[in-house]
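Notes follow the structure.
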Amino acid sequence: MKKLVFTLSVFLIVIIAQAQTLVSVELKGSETKESLAAQFRNIANNAVDFYKVTYTTKDVFNEVDTASGLIIVPRRDQVYSYPRLVFQHGTVASRTDVPSNLQGGYEAGLFFGGLGYVSLLPDFLGLGTSRGLHPYVHADSEASAAIDMLHILDEFAEEVDVIVNDQLFVTGYSQGGHAAMALHKAIEEGAADFTVTASAPMSGPYSISGVMRERMTESEETYFFPAYVHFTIVSYNYVYGLYDDIGEVFKPPYVPLLQQFLDEEINLNGLNDRLISTLIQNNGAVVPKFMLQDSIVNAVLSDDMHPMNVALRDNDVFDWNPQAPTRLYYCMADDQVPFENSVVAADAIRANNVPNFDAIDVDMTADHGGCVEPAILATALFFGQFWDVSLVADREPIPSRLIPAFPNPTTGMVQLEGVSDIAAVEVYNAQGQRLRVQVLPTNTNQIDLSSFPAGTYTLKFLLPEGIGVSRVVKR
């Protein structure tokens, strides 16, 4: 019996030692509903508090590390339970340019917090308080940092007095699009006991071994973001041990610049500027493959099992079967993350007969920076169709709001009654097929249906308190 008790005690100690632990909570600030509305096109349903958290997780070498992130908590006059949302941030310039320091795209978390989501923004490994080099576009660690942050949410919620429900939404932009897809994939393939309610990766490099490898090693097109190529290669070397010396991969003029970045003497933006200047000076064009040793380029292109190719494939996140409703949002004019990433991912996922999936170009003229707003508004509209915020007293969900539209029937333009600013709209036909998703100009309460044939249509649009719905007959 004593032996059994001892064995169980050791087992429990091991389990506790492996568990994720909330290390610290620090209030970083608050925003009123009015200040959020002023920032985000009058779209805000509540005030928010935001907290820097630190928590234990495992690094890429399976050693315990202390990671950081930001959690944004909705605040209302009555007590509600709120869904969870993970927002994975895009590429940042330095270790300190992260959400927990109110940088690195944390504003997206404020927006979703203002809509009524408890929003979690991991800083990622190697950024914020975490040690070592950031494993850039490394799918496993992007997922694990978020999963472990989700694991400490209950303890955090008790400490700051907020109630969360079982819903879980996953999104992210740019590198964060890759990280969002990696997180969703990891959860549904058994890495954590969560259920994703809906997912919306945005403008991410999902095809690392295909679209992005071509940009690294084959394309002779101008690409003004060569630092992304460098960061990917040194990141994968950090994780997989691809080379012994940086000079084996990069030509001599670029090695000192890359070493300055690794030593954190310059940030990613500074590296990118220097790489552009050096490429123009040496080659007359900003073409990433000109930085690489010819021997490496030839080996990668000729040997499918070259360690670099194996590492690139290990971080592809496009060919799988998401079961939760999923949307990929992107823009065809993206100058940083080629839109073909989303096309390749969409083709692969559709071929797997996924039940509720679509890939949508939200603005074919927008570049990477210009794509942020329409993609996030489309994501909020998509998530809002599943969003469940309930009063704790009676657990009644906030319903979708039925908005009268006039004239109805219409020959084209309709105006929504009592609504002054529609941010985004989706149009569905009588069979429930989505025909359009569109981000609208500010101060708009009109929708043009003139391009649609006669029939009955359902309009779903984004309101601060949730989703508005109108049903319109087009003559």
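The values are calculated or read from the model by the stated rules, or taken from the named source; none is laboratory data. All values derive from a computational prediction rather than experimental measurement. Ideal geometry is used to build each Cβ from the backbone, glycine not excepted, and the neighbour counts take in all protein chains shown. Protein only, heavy atoms only, side chains kept; ligands, DNA and RNA dropped before computing areas. Shrake-Rupley method; radii C 1.70, N 1.55, O 1.52, S 1.80 Å.
Enclosing the Cα atoms of the stretch 261-396 in their convex hull gives a volume equal to 205 cubic angstrom per residue. The C-alpha radius of gyration of the chain, expressed as a fraction of 2.2 N^0.38 Å, stands at 1.03. Grab the Cα-Cα distance for ARG401 and VAL25, subtract it from 0.36 nm times how many residues apart they are, and report the gain in nm with one decimal. Contour length minus the Cα-Cα distance gives 131.7 nm. Among GLY284, TYR240, ILE72, pick out the residue whose Cα is farthest towards the positive end of the charge dipole of the chain, where Lys and Arg carry +1 and Asp and Glu carry -1 on C-beta, about the Cα centre. The residue sitting most towards the positive pole is ILE72. Between amide H atoms placed 1.01 Å from N, distances below 5 Å from ALA359 occur with LEU328, all of them 5 or more places distant or on a separate chain. Distances between placed amide hydrogens fall under 5 Å for ILE163 paired with TYR82, all partners being 5 or more residues away or on another chain.
Phi angles of the stretch 184-198 translate, via the Karplus equation with coefficients 6.51, -1.76, 1.60 and θ = phi - 60°, into HN-Hα couplings of 4, 4, 4, 5, 6, 9, x, 6, 7, 8, 10, 10, 6, 7, 7 Hz per residue; Gly and Pro are given as x. Listed values for the stretch 231-248 are Karplus-derived 3J(HN,Hα) couplings in whole Hz (6.51 cos²θ - 1.76 cosθ + 1.60, θ = phi - 60°), namely 4, 4, 5, 5, 5, 5, 5, 4, 7, 9, x, 7, 8, 8, 9, 4, x, 5, and x replaces Gly and Pro. With bins 10 Å wide beginning at 0, the percent of Cα pairs of the stretch 224-281 falling in each bin runs 24, 59, 16, 0.
Spatially, the stretch 404-446 and the stretch 294-363 are offset by 33 Å when compared through their Cα centroids. Lysine pair count for the chain with Cα-Cα distance under 24 Å and sequence separation of 8 or more or different chains is 6.
Dividing the C-alpha radius of gyration of the stretch 155-254 by 2.2 N^0.38 Å, with N its residue count, gives 1.47.
Mean 1/r over all different Cα pairs, inverted: what Kirkwood radius does the stretch 407-454 give, in Å?
Its Kirkwood hydrodynamic radius stands at 11.6 Å.
Rolling a 1.4 Å probe over the protein heavy atoms gives the chain an accessible area of 41 Å² per residue.
With contacts taken as Cα pairs under 8 Å and at least 6 residues apart, the chain reaches a relative contact order of 12 percent. Taking the Cα centre of the chain as reference, the dipole from Cβ charges on Lys and Arg (+1) and Asp and Glu (-1) amounts to some 1160 debye. Taking R0 as 22 Å, what FRET efficiency do you get between ARG434 and ARG475 from their Cβ-Cβ distance, rounded to the nearest 0.05? Efficiency, rounded to the nearest 0.05: 0.50. Note on the stretch 115-151 and the stretch 43-111: Cα centroid distance 9 Å, given to the nearest whole angstrom.
With a/c under 1.5 counting as rounded, go ahead and sort the stretch 295-371 into rounded, prolate or oblate using the C-alpha gyration tensor (a ≥ b ≥ c being the square roots of the eigenvalues; past the cut-off, prolate if a/b is larger than b/c, else oblate). Oblate, since a/c reaches 1.5 and b/c is not below a/b. Modelled spin labels at ARG76 and PHE61, positioned 7 Å past Cα toward Cβ, are 4.8 nm from each other. Under the convention that each Lys and Arg Cβ holds +1 and each Asp and Glu Cβ holds -1, the size of the dipole of the stretch 232-312 around its Cα centre is about 280 debye. Take every pair of alpha-carbon atoms less than 8 Å apart whose residues are at least six positions apart; their mean separation over the length of the stretch 412-475 yields a relative contact order of 35 percent. Across the stretch 272-370, the mean sequence separation of Cα contacts (distance under 8 Å, 6 or more residues apart), normalised by length, yields a relative contact order of 25 percent. Taking the Cβ of SER100 as the centre, find all other residues whose Cβ is under 9 Å away and add up their charges (Lys, Arg: +1; Asp, Glu: -1). So the environment of SER100 carries a net charge of 0.
Can you tell me the FRET efficiency between SER295 and ASP347 if r is taken as the Cβ-Cβ distance and R0 is 22 Å, rounded to the nearest 0.05? Walk me through the numbers on the way to the answer.
Details: r = 33 Å, r/R0 = 1.51.
E between SER295 and ASP347, to the nearest 0.05, is 0.10.
Using only alpha carbons, the stretch 173-222 has a radius of gyration to Kirkwood radius ratio (Rg to Rh) of 1.13.
Share of the stretch 209-339's accessible area from carbon and sulfur, percent, 1.4 Å?
On the way: 2640 of 5660 Å².
Solvent-exposed carbon and sulfur of the stretch 209-339 make up 47 percent of the total.
With Cα atoms as the point set, the stretch 32-143 shows a radius of gyration and Dmax of 14.9, 45 Å.
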